[in-house]
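Participant: Next up is a structure, given as structure tokens.
The values are calculated or read from the model by the stated rules, or taken from the named source; none is laboratory data. The shown structure was predicted, so the numbers you read here are calculated from the model rather than taken from an experiment. Counting neighbours? That spans all protein chains shown, and the Cβs are built from the backbone with ideal geometry, glycine included.
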Amino acid sequence: MSATQAPPALPTAVSPGVAGMTPEDLVRAYRVMLLSRATDDRCLSLQRQGRIGFYVPASGQEAAQVGAASALAPEDWVFPAYRELGVALYRGVGLERLIDQFIGNAGDLLKGRQMPNHYGYRDHRIVVASSPIGTQITQAVGAALAARRRKDSLATITFFGDGATSSNDFHAGLNFAGVYRAPTIFVCQNNQWAISLPREKQTRSRTLAEKAEAYGFPGVVVDGTDVEAVHAAVADARSRAVRGEGPTLIEAQVYRFGPHSTSDDPRRYRTDAEVEHWKASDPVLRLRTRLTSLGALDEARDAALVEEARAAVAKAVSAAEATGPVDPTTFFDDVFAAPTPQLLAERDEFDQLLKDGAVKP
Ligand SMILES: Cc1ncc(C[n+]2csc(CCOP(=O)(O)OP(=O)(O)O)c2C)c(N)n1
Ligand SMILES: [Mg+2]
């Protein structure tokens, strides 16, 4: 499929036997999607103002992320890439904790050592994202097999992009998962681009989902701008996984509205017309229309929810910016379980340089 064409008409009905989302579920999803969108808008401008160093936006992909997260159980483990803000927010990671990580301040659990957006929160069963494309795929399969050995009834889910389907780890992960029937849900968010490489140059396969067939398990294509369709597909995949029926590959067709990250200018490689074409399927607007037609939202309530999201982001940014920097002496922590004499000597030397004012925190 060319990136300039709309995705094919895809079923949005909930599969038989899988519970759909109630209007209350949809309102919850909508609030998280608004929060994700508002966070993107603010963080892109914070980066332009030099207040955070780097940012990876998720706009356009909110329904795929929130729809998937809404179909999981709290005990499931998530192995994300760097773009899954909607998943973190849906699983209850506090926005201030996320902004702490984007800034890399003293409130950042990772002590400012990871790139922004490469976060993880054990309390929410979200494993830290790594930058090398696809590495989370094999990790998710290994964790699923470990869970089965421990007789833990859970699934693992991993998120990756269209570009990641060309990685070694995609093949190794899906092959292992097929052979050992791992309880893993593979969610490929096909946002049509891998930085500047369009989907049609990524593979000759007609769809990404059909690659699952070669590994011996089902692959489905879903409209990733429809939160209910994604929820249904992931709920189906999860029940198969915990019943011992093995993995599923879900290709959620979406579009990345913003840049790949704050380090590229998408106007260099794609047209405004293409972006506008996909914005007609904006997942936030689609869900707004759906909620309105269900009688669960009117203009006044919608305006209040949009303002609630904006205010939550403003509050989290103010709080995170008021938090001090990471103590630089923590650089020496967590290197070895028991620090080596050399490391302790280096830390003492660094302490002295700080005290003498020879280096500034
Ligand atoms: C192994 C590896 N190769 C190349 C890169 C550089 N890189 C970072 S993101 C990216 C594109 C990934 O595209 P996709 O998988 O479609 O995910 P998206 O960013 O579109 O969500 C590339 C090539 C990398 N991080 N790791
Ligand atoms: Mg992509």
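Participant: Looking at Arg204, Arg240, Arg256, which is the one that is within 16 Å of ligand 1 (Cβ to nearest atom), basic (Lys, Arg) and assigned by TED's automatic domain parsing to the domain that holds Ile157?
Facilitator: Arg256
Participant: Take Gly53 and tell me if it is surrounded by fewer than 20 Cβ atoms within 10 Å (Cβ to Cβ) and in contact (Cβ under 8 Å) with a residue 12 or more places away in the chain.
Facilitator: Yes.
Participant: Same structure, new question: So which of Leu98, Leu35, Leu110 is more than 21 Å from Ala155 (Cβ to Cβ) and without any contact (Cβ under 8 Å) to a residue 24 or more places away in the chain?
Facilitator: Going through Leu98, Leu35, Leu110 in turn, the sole match is Leu110.
Participant: Only one of these conditions is not met by Leu208: (1) within 12 Å of ligand 2 (Cβ to nearest atom); (2) closer than 25 Å to Tyr55 by Cα; (3) in a loop (DSSP other than H, G, I, E, B). Which number is it?
Facilitator: Exception for Leu208: condition (2).
Participant: Quick one: would you say Glu84 is of a type outside the set (S, T, N, Q) and under 9 Å from the mean Cα position of the chain (by Cα)?
Facilitator: Yes; evaluated as a whole, the condition is true for this residue.
Participant: So which of Ala172, Ala194, Ala147 ends up being under 26 Å from Asp226 (Cβ atoms) and touching a residue at least 24 places away in the same chain (Cβ under 8 Å)?
Facilitator: Going through Ala172, Ala194, Ala147 in turn, the sole match is Ala194.
Participant: Which condition number in (1) among the charged types (D, E, K, R); (2) under 27 Å from Thr165 (Cα atoms); (3) in contact with a Phe, Trp or Tyr (Cβ under 9 Å, 6 or more places away or on another chain) is the one that Arg288 fails?
Facilitator: (2)
Participant: With within 19 Å of the chain's Cα centre (by Cα) and among the polar types (S, T, N, Q) as the only criterion, which of Gln189, Gln202 stands out?
Facilitator: From the options Gln189, Gln202, the qualifying one is Gln189.
Participant: Mind listing whichever residues of region 208-236 are more than 18 Å from the chain's Cα centre (by Cα) and aliphatic (A, V, I, L, M)?
Facilitator: Those that are more than 18 Å from the chain's Cα centre (by Cα) and aliphatic (A, V, I, L, M): Leu208, Ala209, Ala212, Ala214, Val220, Val221, Ala232.
Participant: Would you point out the residue of region 87-103, among those that are more than 12 Å from the chain's Cα centre (by Cα) and buried (at least 20 other Cβ atoms within 10 Å of the Cβ), that is nearest to Ala194 (Cα to Cα)?
Facilitator: Step by step, filter region 87-103, then rank; the result is Phe102.
Participant: Across region 42-101, which residue is nearest to Glu321 (Cα to Cα) among those that are of a type in the set (Ser, Thr, Tyr) and touching a Lys or Arg at 6+ places or on another chain (Cβ under 9 Å)?
Facilitator: Ser45
Participant: Give the residue, chosen from Ala164, Ala177, that is away from ligand 2 (no atom under 16 Å from the Cβ) and in contact (Cβ under 8 Å) with a residue 40 or more places away in the chain.
Facilitator: Ala177
Table: residues versus (1) surrounded by fewer than 16 Cβ atoms within 10 Å (Cβ to Cβ); (2) among the basic types (Lys, Arg); (3) under 16 Å from Ala81 (Cβ atoms); (4) touching a strand residue (DSSP E or B) at 6+ places or on another chain (Cβ under 6 Å).
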site: Thr158; (1), (2), (3), (4): no, no, yes, yes
site: Ala172; (1), (2), (3), (4): yes, no, no, no
site: Ala182; (1), (2), (3), (4): no, no, no, no
site: Trp193; (1), (2), (3), (4): no, no, yes, no
site: Lys211; (1), (2), (3), (4): no, yes, no, no
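Participant: Let me ask something additional. Name the single residue, out of those in region 130-185 being assigned to a loop (DSSP other than H, G, I, E, B), within 20 Å of the chain's Cα centre (by Cα) and modelled with pLDDT of 95 or more, that is nearest to Thr248 (Cα to Cα).
Facilitator: Going through the qualifying residues, I end up with Pro183.
Participant: Hey, can you tell me all the residues within region 146-161 that are more than 16 Å from ligand 2 (Cβ to nearest atom) and either touching a Cys at 6+ places or on another chain (Cβ under 9 Å) or more than 26 Å from Gly67 (Cβ to Cβ) (or both)?
Facilitator: Ala146, Arg149, Arg150, Lys151
Participant: Which of the residues belonging to region 21-32 are in contact (Cβ under 8 Å) with a residue 60 or more places away in the chain and assigned to a loop (DSSP other than H, G, I, E, B)?
Facilitator: Met21
Participant: Here is a follow-up. Within region 151-173, how many residues turn out to be more than 13 Å from ligand 1 (Cβ to nearest atom) and within 18 Å of Val78 (Cβ to Cβ)?
Facilitator: Residues flagged as more than 13 Å from ligand 1 (Cβ to nearest atom) and within 18 Å of Val78 (Cβ to Cβ) within region 151-173 amount to 7.
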